Amino acid sequence: MSATQDSLFALLLTLHPVEASTVPISSGHLVQSAFLDLIRQADPALSEWLHRPNQRRPYTISALQFPHLTPRQYVAAMYENRPMQVLPAHSYSFRITLLDTIIFQTLLDALLTKAHTLRIRIGEAHFAIHQIQSGTEPEQVRQSWAGSTTFQHIHTLAPARKRYRFEFASPTAFSKGQRPWGKMLALLPEPGSVFESLARQWETFAPAGLRLSDAELLPRQLESWCAENVIVHHYELQSCYVPSGSYGHNGFIGNITYEVKGNPTAPEARWLTPLARFAYYSGVGAKTSMGMGQTRCIPAALSTEKERKNGSSVTS
């Protein structure tokens, strides 16, 4: 089975607990299990394909969102690996993005055919679905995390913008391979790391004719070009511990703006805007199927206004 390579989807599911319970603050792996169980009920063969190891995943998953937590409270709860209480009177949400039309249709069928009776289990808590949000192109709904588009629509190659502002809404890190002491994760969003991550995901799932390789470019070449021609203009980043089993690891959250210093019409530069828009659906970095790397490129008008009000800072 192979991915159906055309449309891109971002869904936001709002839930109510059936009864009071608790959910781990770092619940991305549990939300992933709930998602895969929904797919299994509707299409066992598709579920089996999605479970195959050592492959790029055509979806991303967020952890369960607790709207009452400020960013500072969220980071503190992650460091403490604190179980979070969920109450029937409150709403909670999680986000799923899909790079495959068949998976989208299968998930939607599973959600809608049993909408009134379906229960989603996240750890020990059971939730009823209150709302499913999709939407139009996210640049038209600037504050939304739900949307839909196509590879063809965002593929349009044009001279690079002067600046790109990214929001990393969930802990993000970049896998740099195995070392004698274990897996190396990079915690700084260097321009090359961000755009190479996006390019690799694009190459895996974009239709033939729309890939970097069709323009005789490789993700590694784009990374090298960014390292020489794109700088960090502004940042507001914070390190964040991600509980995971007995050990856990670190990531970062926050905002960063890149400035293009090189030729904006270079072949590599023409890919920056499509890939920046793709981040909304593909996520960035490692473990995007388990809650990490939820990312979006903020429209330029909002970026400029934000940066006038803030100076660069990093908190760890």
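The values are calculated or read from the model by the stated rules, or taken from the named source; none is laboratory data. Since this is a predicted model, take the numbers as computed values, not measurements. Every residue, glycine as well, gets a Cβ built from its backbone with ideal geometry; the counts of neighbours run over all protein chains shown.
Can you name every residue in segment 226-261 that is in contact (Cβ under 8 Å) with a residue 40 or more places away in the chain, among the small types (Gly, Ala, Ser) and either surrounded by fewer than 21 Cβ atoms within 10 Å (Cβ to Cβ) or over 15 Å from residue 295 (Cβ atoms) (or both)? Result: 239, 244, 248, 254. The set of residues in segment 153-181 that are charged (D, E, K, R) and touching a residue at least 12 places away in the same chain (Cβ under 8 Å) comprises 161, 162, 163, 165, 167.
Each residue in segment 287-316 was checked for being surrounded by fewer than 21 Cβ atoms within 10 Å (Cβ to Cβ) and modelled with pLDDT of 95 or more, and 0 pass.
Got at least one residue in segment 190-206 being more than 22 Å from residue 55 (Cβ to Cβ), charged (D, E, K, R) and loosely packed, with under 15 Cβ neighbours inside 10 Å? No, every residue in segment 190-206 fails to be more than 22 Å from residue 55 (Cβ to Cβ), charged (D, E, K, R) and loosely packed, with under 15 Cβ neighbours inside 10 Å.
Being touching a residue at least 12 places away in the same chain (Cβ under 8 Å) and not in a strand (DSSP E or B) is the filter here, so list the residues in segment 55-68 that pass it.
Keep residues of segment 55-68 that are touching a residue at least 12 places away in the same chain (Cβ under 8 Å), which gives 56-68.
Answer for segment 55-68, where residues must be touching a residue at least 12 places away in the same chain (Cβ under 8 Å) and not in a strand (DSSP E or B): 56, 57, 58, 63, 64, 66, 67, 68.
Residues in segment 27-39 that are buried (at least 17 other Cβ atoms within 10 Å of the Cβ) and not aliphatic (A, V, I, L, M): 27, 28, 29, 32, 35. Of the residues making up segment 94-113, those that are over 25 Å from residue 284 (Cβ atoms) and either touching a residue at least 24 places away in the same chain (Cβ under 8 Å) or in contact with a strand residue (DSSP E or B) (Cβ under 9 Å, 6 or more places away or on another chain) (or both) number 6.
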